Structures are given as C-alpha cells and as structure tokens.
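Report on the structure given below.
Each reported figure results from applying straightforward, stated rules to the coordinates on display, with no laboratory input. Bear in mind that the values here come from a model prediction, so they are computed numbers and not experimental data. Using ideal geometry, Cβ is built from the backbone for each residue, glycine included, and neighbour counts are taken over all protein chains shown.
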Amino acid sequence: MTGPDTAAIRAAEHIGLDHEVRVIERARSVEEAAQRLGVPVDRLLKTLVVRRADDDFLFVLVPGPRQIDWPKLRAHLGVSRLSMPDAGVARDVTGYERGAITPLGSIRSWPVLADASIRGVGVVTIGGGAHGVSLRVDADELIATLDADVADVTAPA
C-alpha cells in the first residue's frame, strides 16, 4: 500500500525537507489531532491564512494551543488592518481546504511568518495538505526551508 499523495508532500520532497508522513482519522480539534498523532499539542502547528489587502495574504504558523495576537501581528507587519479570509477565499488562494492548509505546496507562494515560540523546539507536526494528513518535521529546518520570518505574534488561547 502506498501513502497519501498531496501537493504538500510532493513539495516537501521537492525542496528536500526531511519529513515523516502521518495519517490519522480526521480530528475535530487541535487537541484531538495531537492526541491521535501522539504529540504534545504545542508541537502541532496550525497554518492560518491572513489577508493584508486584496490579493495579498500570508501564512502564520501558530502552535496548537495558541492564537494570533492581532495587535502584535499588526505591529510586526506595520499595518493597521488584517483579516481572516472566509473558507472559500482561503481555498482559492492556497489550493487547500480550511483545516488542511499548509504553506508547503500552496498554489501561490505567500510569505510565511512563524511564531517565535516554534524556534528551537525540535520536531513539530504541520498539515500535509489533506484532512488527517500531516508531516513531522524539525521546526528550525521548516522555518529555514520556508524562509519564514520569525516573531512573537501569538498569545495563549
């Protein structure tokens, strides 16, 4: 039996990102996904799509139990307004359904911002481009490979 084939997995292979593909039954929450994957919830990264302006988006990598701190994010980006696109727009600009979004293999190469709490933690899990599919990767290698900006832009949920 072969494993899943997603744009994210193909992208990770193409760019030489060392990864392990994990497949679980679709989870209803970050906590449930972390439990099924057997990882601490703070090592499960959510990829959120943020809109800066019309046709100007970025990916924000957020550890599972945290959420975007909007004032910090606006200050870091030097903007006064940001928003989260609806599910349809997010799919249109990434190629992925909400809950399966990842910067790896996105149909457009948007900038990536990783929360500072991710740096140096070792192995993390990020979405693999389909529900229930994830990739285990080294956090610092992921940040470097994605050329991600790193800043303190989250707060506890």
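Quick notes on this structure:
- In the chain, the DSSP-assigned H stretches of four residues or longer account for a calculated mean residue ellipticity at 222 nm of -7000 deg cm²/dmol, using -39500 (n - 2.57) per stretch and the full residue count as denominator.
- In this simple spin-label approximation, ASP42 and HIS14 carry label points 7 Å from Cα along the Cα→Cβ vector, and these lie 3.5 nm apart.
- Residues of segment 30-58 with amide N under 19 Å of the 7 Å Cα→Cβ point at LEU82: 45-58
- Pairs of Cα atoms nearer than 8 Å and 6+ residues apart set the relative contact order; for the chain it is 31 percent.
- Cα coordinate range in the chain, projected on the principal axes (Å, largest first): 50, 30, 29
- Ordering SER134, SER29 by the number of other Cβ atoms within 10 Å of each residue's own Cβ, fewest first, gives SER29, SER134.
- Here the chain is scanned for trypsin sites (Lys or Arg not before Pro) in DSSP loops (not H, G, I, E, B) that have at most 14 other Cβ atoms within 10 Å, and the longest stretch holding none of them is 29-80.
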